[in-house]
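Read the structure below first, then the notes.
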């Protein structure tokens, strides 16, 4: 099925090209939005009449006048590269001149102590508690946890299969023993909800890529259902079909912010902080950095090495020169 109509035939063509390559709906929405902004920035000129100079001017505008983050500017560039390469079939030069790049700040990740993590988890309950435990106990990204299917949980092997993670990669991560029974109890509740949906004539879940055409009945099978479904059914923005999607990320983000506040934690902690804690606490316990890299799904070990800097910034790593002075307290 084609992508939903946008406000121009050209944007609809871009959306269709994105869908044919099985990109996520979030990527589709982001790319179409950046291309629309690019067109409006240049007075509604058609992109085929523009090129590297106009791309450089737009990206420079984002960095200098809009003061966007480096990751935001890079996403805009990716959208324009996709448009010119795939849709217009006129790839941009690999080295576009004249771009003022946004500076990427070198920040160490926020990490909580084990006691703080325990307090935070104690202020969550239900599905939110389970998701937070997976972020901390398995090092999952939030979207990876929300997209888990029932078939991705291997209780006997204490393993979780992460499908199509960041960069389109699959990986296997550990499942904590402590979460086996809570997850099994949770799945009983989810299965009851799924059975009610089936009885009501629904119960079909979104399937990745073209599996829905290849296996028409798979969308109703228990193994394909989301581990953390939304509380209500909604219309699929691409197909218009009413079904139950996974829990929205904003629900979990709000729950963690509330738990942080109730815990009296004064660090800027979020859902992703729990993933940082997973890596840091494993390294503190002597885990090999290559193993941590595999669990996190990092392509380059240098990305994982940032957690070694977190380890070294504590008070036990460097002896303060103040300790050599005789100071009365």
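No value in this document is a laboratory result; all are computed from the given coordinates. Since the model is a prediction, treat every value here as computed from it, not as a measurement. All Cβ positions, even for glycine, are placed from backbone atoms using ideal geometry, and neighbour counts span all protein chains on display.
The C-alpha atoms of segment 170-294 occupy a region whose extents along the principal axes are 50, 34, 31 Å, arranged from largest to smallest.
The fewest-to-most ranking of 278, 155, 10 by surrounding Cβ atoms within 10 Å reads 155, 10, 278.
Expected output is a single nm value to one decimal: the length gained when fully extending between residue 325 and residue 9, i.e. 0.36 nm times separation in residues minus the C-alpha distance. What is it? Don't skip to the end; give the middle numbers.
Numbers: separation 316, 0.36 × 316 = 113.76 nm, distance 7.40 nm.
Here the segment from residue 325 to residue 9 would lengthen by 106.4 nm.
With both labels modelled 7 Å from their Cα along Cα-to-Cβ, the residue 44 to residue 235 distance reads 2.7 nm. Take the chain, drop everything but the C-alpha atoms, weight them equally and run the Debye formula without solvent; then report log10 I(q)/I(0) at 0.12, 0.13 Å⁻¹ to two decimals. At q = 0.12, 0.13 Å⁻¹ the computed log10 ratios are -1.04, -1.16.
Extension gain for residue 101-residue 70 works out to 10.4 nm (0.36 nm per residue, less the C-alpha to C-alpha distance). With the simple model of a label 7 Å out from the Cα in the direction of the Cβ, residue 266 to residue 198 spans 5.4 nm.
What ratio of Cα Rg to 2.2 N^0.38 Å holds for segment 15-156?
Details: Rg = 20.5 Å, N = 142, 2.2 N^0.38 = 14.5 Å.
Cα-based Rg divided by the globular estimate yields 1.42.
In the chain, helical runs assigned H by DSSP with n ≥ 4 each contribute -39500 (n - 2.57); averaged across all residues and rounded to the nearest 500, the mean residue ellipticity at 222 nm is -14000 deg cm²/dmol. Legend: Rg and Dmax of segment 9-87, from Cα coordinates, 12.0, 35 Å.
Going from the fewest other Cβ atoms within 10 Å to the most, the residues 248, 300 appear in the order 300, 248. Full extension of the segment from residue 33 to residue 21, taken as 0.36 nm per residue of separation minus the current Cα-Cα distance, would add 2.5 nm.
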